[in-house]
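All of the numbers you see were taken from the coordinates with simple rules; none came from a lab. Fair warning: this is a prediction, and the values are worked out from it, not measured in the lab. Virtual Cβ from ideal backbone geometry, glycine too; neighbours counted across all protein chains shown.
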Amino acid sequence: MATHLTPSDDELLRLMMAGDEAAFTALYRRRQAGVYRFALQMSGSEAIAEDVTQEVFLALMSDATRFDSSRGTLSSYLYGIARNHVLRRLERDRPFVQIVDDASEGEPHTELWAADDNPHEELQRNEMIGRLRQAVLALPEHYREVVVLCDLHEMSYVEAASALGCAIGTVRSRLHRARALLLGKLNANIMSSEEGAGESFRTARCFA
Amino acid sequence: MNCKNFEAIISDLAREQMLEAHTRESALLHIEECAECARMIEDERALTRGLRSLVTSMQVMEAPASLEATLRAKFREQVAAQNSPVVVQMPQRASAWQRWYPHAVAAAVLLMFAIGGASMLRLRQEQPAASQKNVAASSSKPENKAQPLNASIAPAATDEVEETAPTTIDKADAAGGGQRLSRSEVAAITGGNAPRRPGITSVRKSDIDRSGMSQTGGEIATDFMPVSYGDNLNDLDNGRIVRVEMPRSALAQFGLPVNMERANERIKADVLIGDDGMPRAIRFVR
Ligand SMILES: [Zn+2]
């Protein structure tokens with residue numbers, strides 16, 4: 001997590017609260033991608049990720065006084081708001097949110113990884129990443145959020161605890177358990193494809 | 001180190017987290033002796049690598065550019081709303097008044113909690129119907145989910161009660177029940193025409209922000225402000241002042257500017273308590 005940015009998040013926030021649009025824009029540009037990716041990794045849905053990002057920054061502009069810098073960084077605070085919105089949204093839309101499968105959501109990644117001399121290896125690599133993403137999405141929410149924060153957003157236990165509003169020990173033990181679950185899922189996947197079950201089984205397996 | 005101990009730190013090891021040097025050494029030693037744990041740490045390390053690849057693969061993803069434009073427009077709208085006259089006929093969008101008002105009410109409730117839990121009950125029984133309706137929106141949380149006056153108000157107010165750091169009463173003053181005031185002293189505070197909350201008709205936020213400051217015995221204090229909107233301080237016969245400490249952020253609840261860098265510091269305030277035990281007015285002291 002970047003901590004030595006100038007001006008600091010707190011400084012931008014102060015200016016923003018005084019009505020400075022440039023400060024709001026700077027803060028938004030600095031923090032939107034993290035919030036958006038967090039919501040995307042938690043929900044698997046770009047629509048939800050976009051809505052959540054909007055909600056997070058609307059909440060910030062309408063009630064910035066709620067941020068308490070003694071409890072953590074502004075970044076953790078924003079992740080915390082994002083997390084609440086994601087969970088609420090998943091709860092509300094549960095029957096309707098279809099977790100996007102590899103085929104439709106994989107495009108940006110294939111593009112990203114395409115320019116390489118060994119297409120076969122790259123393909124395998126992409127498959128592995130796709131599987132991993134699905135395995136993360138299939139984790140129960142309280143395990144998913146610690147993996148996303150600590151392993152995908154490289155937050156420390158302290159920062160994650162501040163975003164989630166729980167004890168540091170809880171973050172650590174959940175992460176430990178979450179990773180064991182991920183490995184269990186991935187190993188089961190690999191076994192199923194080695195047995196010749198093939199690609200079409202993969203996603204089904206993950207969400208069985 | 002045995003397998004059980006190893007398993008407990010395997011994630012930290014694979015994620016290259018800080019570990020005690022001696023723990024780390026004995027863990028690495030254990031892998032050399034135990035094939036099962038060596039296989040497990042390999043899996044864990046592969047998982048770490050995989051997750052890092054996943055991070056890289058998503059590095060360019062961000063919110064669509066159109067969202068920035070939308071949010072900036074909202075921001076401008078909000079700043080404009082804050083600088084325009086605020087009327088009680090509440091518009092759809094949260095105006096400065098709407099945001100300010102529940103905070104003031106929440107702070108009043110907070111104070112009531114701090115100064116005596118019972119006074120809140122009294123408040124609910126005794127407030128004239130008109131203001132009771134308002135207070136109930138933020139104070140009914142302990143019993144039931146508030147029937148919000150307006151969806152955007154109630155959550156803000158109730159959350160504030162939960163989240164604001166506990167208000168502590170300065171022991172010396174609280175023990176003595178505060179400084180007793182005679183009727184004339186109360187009148188001096190509340191004035192012939194008390195510093196009432198701006199009237200129902202129309203008020204600018206800037207008027208709220210620039211509440212007057214006065215000098216009292218080496219301390220600088222704001223004017224007394226009623227803690228609940230529309231409270232008439234003129235009908236206060238007797239009262240006492242209790243010195244309390246509050247988070248600086250409480251200033252914002254009264255529409256006063258807060259220096260965010262110092263938002264966590266505590267500030268002093270004098271609360272004027274009526275004979276009924278209810279906080280009626282507050283001034284902030286520096
Ligand atoms: Zn072992």
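Taking 4 °C and 1.567 mPa s as conditions, region A:1-103 diffuses translationally at an estimated 90 µm²/s according to Stokes-Einstein applied to its Kirkwood radius (Cα pairs). Computed from backbone phi, the HN-Hα couplings of region A:123-130 come to 4, 4, 5, 4, 4, 4, 5, x Hz, rounded to whole numbers (Karplus: 6.51 cos²θ - 1.76 cosθ + 1.60, θ = phi - 60°; Gly and Pro given as x). When each of A:Val136, B:Val60, A:Val56 is scored by the number of other beta-carbon atoms lying within 10 Å, the sequence from fewest to most is B:Val60, A:Val136, A:Val56. Phi angles across region A:35-42 convert, under the Karplus curve 6.51 cos²θ - 1.76 cosθ + 1.60 with θ = phi - 60°, into 3J(HN,Hα) values of 5, 4, 5, 4, 5, 5, 5, 7 Hz, Gly and Pro given as x.
Defining a contact as two alpha carbons under 8 Å apart and six or more residues distant in sequence, what relative contact order in percent does region A:1-103 show? Walk me through the intermediate numbers first.
Working: 71 pairs, mean separation 28.0, N = 103.
Taking the mean separation of contacting Cα pairs over the length of region A:1-103, I get 27 percent.
Near B:Thr48, once Lys and Arg are set to +1 and Asp and Glu to -1 for all other residues with Cβ below 13 Å from its Cβ, the sum equals -2. Take the Cα coordinates of region B:3-51, assign each an equal point scatterer, and use the Debye formula without solvent to give log10 I(q)/I(0) at q = 0.18, 0.28, 0.33 Å⁻¹. Result of the Debye calculation: -0.49, -1.12, -1.36.
Using the Karplus relation 6.51 cos²θ - 1.76 cosθ + 1.60 with θ = phi - 60°, the per-residue 3J(HN,Hα) values for region A:70-76 come to 6, 9, x, 7, 4, 4, 4 Hz, with x marking Gly and Pro.
Close amide H contacts of B:Met225 (hydrogens built in the peptide plane, cut-off under 5 Å, sequence separation of 5 or more or a different chain): B:Ile282, B:Arg283.
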